[in-house]
Every structure is written in structure tokens, then in C-alpha cells.
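Structure first, then comments.
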Amino acid sequence: MVRVAGLKRRQQTGLSIRSTDGLSPRAQLALIAARSADLVARHGTCFSQEIEPALAKESITIVHWAEVSGQQKDKLHGYFRQQVFPVLTPLAVDPAHPFPYISGLSLNLAATVRDPATNLTRFARVKVPNNVPRFVRVGDADDATFVPVEELIAAHLSQLFPGMEVVEHHLFRVTRNADLEVEEDRDEGLLQALERELARRRFGPAVRLEVADSMSPEVLELLVRELDVSDSDVQRVPGLLDLSALWALYNLDRPDLKDKPFVPATHPRFTDGETPKSVFATLREGDVLVHHPYDSFATSVQRFIEQAAADPYVLAIKQTLYRTSGDSPIVDALIDAAEAGKQVVVLVEIQARFDEQTNIGWARALERAGCHVIYGLVGLKTHCKIALVVRQESGHIRRYAHIGTGNYNSKTARLYEDLGLFTADKEVGADLTDLFNSLTGYSRQKGYHSLLVAPTGVRSGIIERIDREVRAARDGREGRIQMKINHLVDEKIIDALYRASIAGVQVDLVVRTNCALRPGMPGISDNIRVRSIVGRFLEHSRVMRFDNDGRPEFWLGSADMMHRNLDRRVEVLVEVTDEAARRQLQDMLTRAMSDDIYAWDLRADGHWEERVAEDKPLTDYQVALMQAHSDRVQ
């Protein structure tokens, strides 16, 4: 929807932008198509040969219409007439009916029907409604046997085309271009330009066509022609299309098949027994590092903003919002603060991908409450997670700050692993004040005392610290680098890490997803290890450690090692100086690279290898952290 769509646009407009390895957009698209075909095949095989049998062992089955008994079919006939038939709209294609618009990611039945009187065949499209359950229960409430709603519709196509003979039917789905290009001009603001592009997005050109692997060549040819896609854009999918519908099965009342409930605990520094402590009083005693979801977001980050909104001594709150939940307690607190007369400045990044409409709504609600709202910066996305509270105390001003790796989103904070630093450090407060001034006004400030800020300072700051480790190793001293990030694809960072390895620096990397660095190459990356941890929570934090000749530096923030983060976004990294917080980060990094942790290790050929137990079971990294945080609270 985004990356491939962007490549297609560049190819069609004739832009000769090549990838870092010299490939043209056409060549990149060809490689993506081949790789995607393999992934789709493996995806379908995994579901049909592993997931479905495992579900069946637990008496949860998805059946075809032909497998449904006669009595069960009688019940489903009634369900179809009452619940499904009224919302269906068959659309024929003939000289009087043009090919219909196919909305992105919708499920559709492509049907061929024949008129017995004339023997003419016609194509028709039936959209599978998204406001009825995808899986229809076959039996009673205790029976977890389901038939896909598209099979139920297909079995009743004759009722949609009375008097016609249904020749064939197949399921398909279209993915449309969602890569927005927003350009602000002198007559139109960023908000208006984005709203115009959002209205266009649903009608973007098709970039992928997924079809059932049983689709006939004739029907496929018609779809390819009418949707204006190429053969390489077609993916034949074995089994079910759109497996996101499996969330419906997850919602079954089967606690025995789910993870045990986990309730985040309040950080010990923010509570006195059962009594919540003032966040401001706590931070005057020293910094606090929170680790979500193990530490509660509600009783740390959310409480920080809520206490600031209610505190009569707080003069101002400044905050960035990139993604937030649909019912956001953070936004509610900011509105309360503005209505109480405080100065509230909120930078709402309205270009946050697929959250644009939600963020526009929040921005307008904040404006109505009297907040000063900034809609991001033209040419840059404001991705940093920062909040600054200005408070009057005993005749002077004190600033309190939060800098995090994750969004101010109370829902994803229970699913994503993230870090956040609370501090009343004067230099951090001063730097954030300068940064907010540059975001809300006109400023060319590039240097900060305690922060690394993109797009001017993050890449150079990291490379400077990597090269410092290189010099130490060349001088015979120990050099070591540890990083935990989501993506590593920036060439300059990778080249610096290769230089470090060649010099003898030990480099340990925990990379969740994309990694263009190859570890273990003789003479180049012998001293680099790369590991990926996949678990119950989405590993999302970014933290870095540089040995610094025995005086380690720890940095955390929102930036990944990608061009978009380092060159086209406002990102912030902050140094962690509190000793307790540093020990916690060191424990986290050490634990992640431990030999007894279950994970995936990257090999020199680019292959991810699953770690297997030899003499004793491997430890689940996240379960170990849950236990460690539980022990700390107790």
C-alpha cells in the first residue's frame, strides 16, 4: 500500500530513483513480486497444514459449505435470508453497467452467470459485506464450527441472480495505493492539503490483486484488464483470503488457549504502598525509567499528564502526539488543562500513516478547547515522543519531562514493549524548551546539550560514538556497542558498525525486523552478533549503549536506523544518566543477548536461524522480564 505503491509511482512517472544497490524501481518491483509469491505460498501452507489442524484438535473448525449437514444448511438458509441477503448488492458488467469500483482491501466474489434464454454469459461482482461476521457459526452456541460468509453467499448466488445459471465464482481482493503525497502551497494549509489527499486515497490505483488459487484464467484476465494491473501484481492465495479475520476466532471464550492475563504494575517509585505518589515529587528525587508494558502506562505517563492538568502550580504543558488511541485519556487531560487556563501546546502529527483522520479529529478537539495546536512540519514528520511540563515552585520555574520510544497511546502501551524516561534535569528541560520553540516557531537551532535530534544530529551523533569505540579498540582498550532497535538499514550506520567490528569492537544488535547488515562475515563483521526477539509483545524500544572507555553511555529515543527516521523526521534521543536506570537498561540488553534466550539469530548469508535448546529449555525473554518486574514490585 505504501512502499510498493511508491515504487510504482516512480516507475510510471519516469523517475530514475534507484535503490542503494543500484536497482531501478522496475527491478525492485520484480524482486518484490517474486519474494511475495513465495511468502504468500508459505503463509497459506502454514495456515492449512499447521494452524487449521491445531485448531481442529481444540474443536475449532472452519468448514466448506459442502461439509455442512442438511439440517445445519436449513438453519444457515434462514440466517442468510435474514442477516446477509438484505445487505448484498450484485453488480453486473455489461454495455449498460460499467465495471464497478472495487474498494481497497474489500472481499469480493467474481461470478460468471449465463442467461439460459440467450446463452450469453456475463460477469458480476458481489461485495462481501464487512458489517456481518466473516465466520458464521454452523451449530449452536457451544459448537465452534464455522463456515466463511463468502461460502454462504456463494451457495446462495442463485437467489441474487434469479433465472440465471451461475457458472463459476471466485474470491478476490484489491490493494490500492495509500502512499499520500501532500504538498502545501500558499493558498492551502497542511491540514486542508492532507484532507484533500485523504479523500483521494480511497480511489488510488490498484497495486495488488489477490485471487483464490482456483480462479479460472478467463475471470483473472478480465480482472487484470479492468483493474489495470499487471500479471506480476497478481498473487494467487491458497485457502482463505484476508486472514486478519482470524481475530474473530481469538475472541472465542477459550481462556485455556490464550496467554495468561498480565496486569502491568505501577512503578515502585510512583507509589507509596497502595497510595499513588506525586509524579513531580518523585522526579525531584531523581529520574525514573519506565518499561512498558511491564510498568503501567496509566499510572506513569498518563498520570504525569493528568496530574499536570489538575495541578494549580503547572503553568504550561507541551507535547507531541504521533499516534494515540481512539478514546485517548492523554488528549482528555490536555483538554482539561487548557480549559483550566494553562498554556497547552500540542504538536499533532496529522501525517502519521493511516492515523491521519483520527489525528485531524483530535487536533480540532484540542483547538476547540483552547490548545495551541501545530499540525507538524512541511517536509518532516514529527515522530519524537516528548512531553514537557512547566511548573511554578517556591518562586522559580522547574521543568519536568518525559521522553519515550513509544506513542502516547494507552491501548498499544499494553501490547508494545517501550521505554520512557522521566526527568527533572535542567539541561534536558532547557533542550526540550528549545526544541519545542523550533517546532512551533522559526528556528535553525541544530545543537543541543543533552539530546541528539534528527534530522541534523542523530546519525552524526551515533557515528561519532561508534568511531570513539573504534579508536579505543585500535589503542588496545576494550570497545563495545550494544543496540536494540526495530530496523537497521542506514548505510552510513552500517558502515560505521563494520569499521567497529574490523577494529575489534564487540557489537551486539537486537533488531526486530529489517536488517541490512550481515554479521559474521570474515574480516568484516566477525565481531557482530544480530538477534531478533519475537514474542507476546511487539519489541518496539530503541536503546543504545557505548562502552566509552569504561564509562558507558546509554541513549534511548524514537529513532530507528533508517533514512526516513534520520533524514525526514524529527526524532529525539536522550542520554540516560541515572544509575538505577542505567543498571536496568544494562540488564535488559545483557538478558536479550544471553545464550539461554529463545530468539532468532541472523547468519552471514542473511538467513534467520531459530535458536534451539541443547541441554535445557530456552527462556522466553518477555516472560523473564514479566517475572523480574513482578519481583521488583514485590
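Stretching the chain fully between Arg568 and Ala298 yields a gain of 94.1 nm (0.36 nm per residue, less the alpha carbon separation).
Between helix 190-201 and the chain there is an angle of about 30 degrees, using the helix long axis and the longest principal axis of the Cα atoms.
Using the Cα gyration tensor of region 234-379, with a ≥ b ≥ c the square roots of its eigenvalues, what is the shape: rounded (a/c below 1.5), prolate (a/b larger than b/c) or oblate (neither)? Don't jump to the answer; show the numbers that get you there.
On the way: a/c = 2.68, a/b = 1.31, b/c = 2.04.
Note, shape of region 234-379 comes out oblate.
Taking the Cα centroid of region 130-180 and of region 512-535, what is the distance between the two, rounded to the nearest whole Å? Cα centres, region 130-180 to region 512-535: 44 Å. Were the residues from Ala604 through Arg474 laid out at 0.36 nm apart, the gain over their Cα-Cα distance would be 44.3 nm. In this simple spin-label approximation, Glu285 and Ile502 carry label points 7 Å from Cα along the Cα→Cβ vector, and these lie 5.1 nm apart.
Could you check how much of the accessible area of region 302-456 is carbon and sulfur, as a whole percent, using a 1.4 Å probe? Spell out each step's value before the answer.
Details: 2970 of 6140 Å².
Carbon and sulfur together cover 48 percent of it.
Round to the nearest 10 and give me the degree value, 0 to 90, for the angle of helix 25-46's Cα axis relative to the longest principal axis of the chain. Helix 25-46 sits roughly 70 degrees off the main axis of the chain. Think of the chain as a dipole: +1 on every Lys or Arg Cβ, -1 on every Asp or Glu Cβ, centred on the Cα centre; then among Ile374, Ile403, Asn359, Ile374 lies furthest on the positive end.
Please report the net charge: other residues with Cβ closer than 13 Å to the Cβ of Thr61, K and R +1, D and E -1. Could the numbers behind the result be given before it?
Working: positive: Lys57, Arg137; negative: Glu52, Glu58, Glu67, Asp143.
Counting the neighbours of Thr61, the net charge comes to -2.
Residues whose amide H comes within less than 5 Å of that of Leu377, counting only those at least five positions distant or on another chain, are Thr382 (H built at 1.01 Å from N in the peptide plane). Atom-type composition of the exposed protein surface of region 553-634 places 47 percent of the accessible area on carbon and sulfur (1.4 angstrom probe). Judged by the gyration tensor of its Cα atoms, with axes a ≥ b ≥ c, the chain is prolate; a/c meets the 1.5 cut and a/b is the larger of a/b and b/c. Between the listed residues Val331, Pro255, Ser103, the Cα displaced farthest toward the positive end of the dipole of the chain, a dipole computed from Cβ unit charges relative to the Cα centre, is found at Val331.
What the Cβ-Cβ distance of Glu50 and Asp526 gives, at R0 = 30 Å and to the nearest 0.05, is a FRET efficiency of 0.25. Relative to the current alpha-carbon distance between Ser36 and Ser59, full extension at 0.36 nm per residue lengthens the span by 5.0 nm.
Farthest towards the positive end of the charge dipole of the chain, among the residues Ala30, Ser558, Ile462, is the Cα of Ile462, using unit charges on the Cβ of Lys, Arg, Asp and Glu.
Suppose every Lys and Arg Cβ carries +1 and every Asp and Glu Cβ carries -1, with no other charges. What dipole size does the chain come out with about its Cα centre, to the nearest 20 debye?
Values: 79 positive and 90 negative charges, 221 e Å.
With Lys and Arg at +1 and Asp and Glu at -1, about 1060 debye.
Charge dipole (Cα centre; +1 on Lys/Arg Cβ, -1 on Asp/Glu Cβ; no other charges) of region 312-370 amounts to roughly 160 debye. Computed about its Cα centre, the charge dipole of region 423-533 is approximately 220 debye, with only Lys, Arg, Asp and Glu carrying charge at their Cβ. The C-alpha atoms of the chain define a longest principal axis, and helix 356-368 lies at about 50 degrees to it. If you take the Cα centroid of region 414-475 and the Cα centroid of region 327-371, the two points sit 25 Å apart. Under 5 Å from the amide H of Arg542 lie the amide H atoms of Leu419, Gly557, each residue being 5 or more positions distant or on a separate chain, with H modelled from the backbone and absent for Pro and chain starts. Solvent-accessible surface of the chain, averaged per residue with a 1.4 angstrom probe and all protein chains in place: 48 square angstrom. Highest mean packing comes first when the peptides 195-202, 379-386 are listed by Cβ atoms within 10 Å, giving 379-386, 195-202.
From the Cα gyration tensor of region 370-424, with a ≥ b ≥ c the square roots of its eigenvalues, which class applies: rounded if a/c is under 1.5, or else prolate if a/b is larger than b/c, or else oblate? Because a/c hits 1.5 or more and a/b fails to exceed b/c, region 370-424 counts as oblate. In this structure, the pairs whose alpha-carbon distance is over 25 Å, taken from Lys277/Lys484; Lys411/Lys492; Lys75/Lys127; Lys260/Lys385; Lys411/Lys484, are Lys277/Lys484; Lys411/Lys492; Lys260/Lys385. Bridgeable aspartates and glutamates around Lys426 (alpha carbons under 15 Å apart, same-chain partners fewer than 8 residues away excluded): Glu285, Asp287, Glu393, Asp434, Glu575, Asp578.
At a Förster radius of 60 Å, what calculated FRET efficiency corresponds to the Cβ-Cβ distance of Asp140 and His372, to the nearest 0.05? All intermediate terms of the calculation are to be shown ahead of the outcome.
On the way: r = 57 Å, r/R0 = 0.96.
It comes out at approximately 0.55.
Report summary: the helix-based calculation at 222 nm, which adds -39500 (n - 2.57) for every DSSP H run with n ≥ 4 and divides by the residues of the chain, gives -9500 deg cm²/dmol. Rounded to whole numbers, the Karplus 3J(HN,Hα) couplings from phi for region 273-278 are x, 9, 9, x, 9, 5 Hz, using 6.51 cos²θ - 1.76 cosθ + 1.60 with θ = phi - 60°, and x at Gly and Pro.
The values are calculated or read from the model by the stated rules, or taken from the named source; none is laboratory data. In this text, all values refer to a predicted model and were calculated from it rather than measured experimentally. Cβ atoms come from the backbone with ideal geometry, glycine included; neighbour counts cover every protein chain shown. Just the protein is used for accessible areas: all its heavy atoms, side chains included, with ligands, DNA and RNA removed. Shrake-Rupley method; radii C 1.70, N 1.55, O 1.52, S 1.80 Å.
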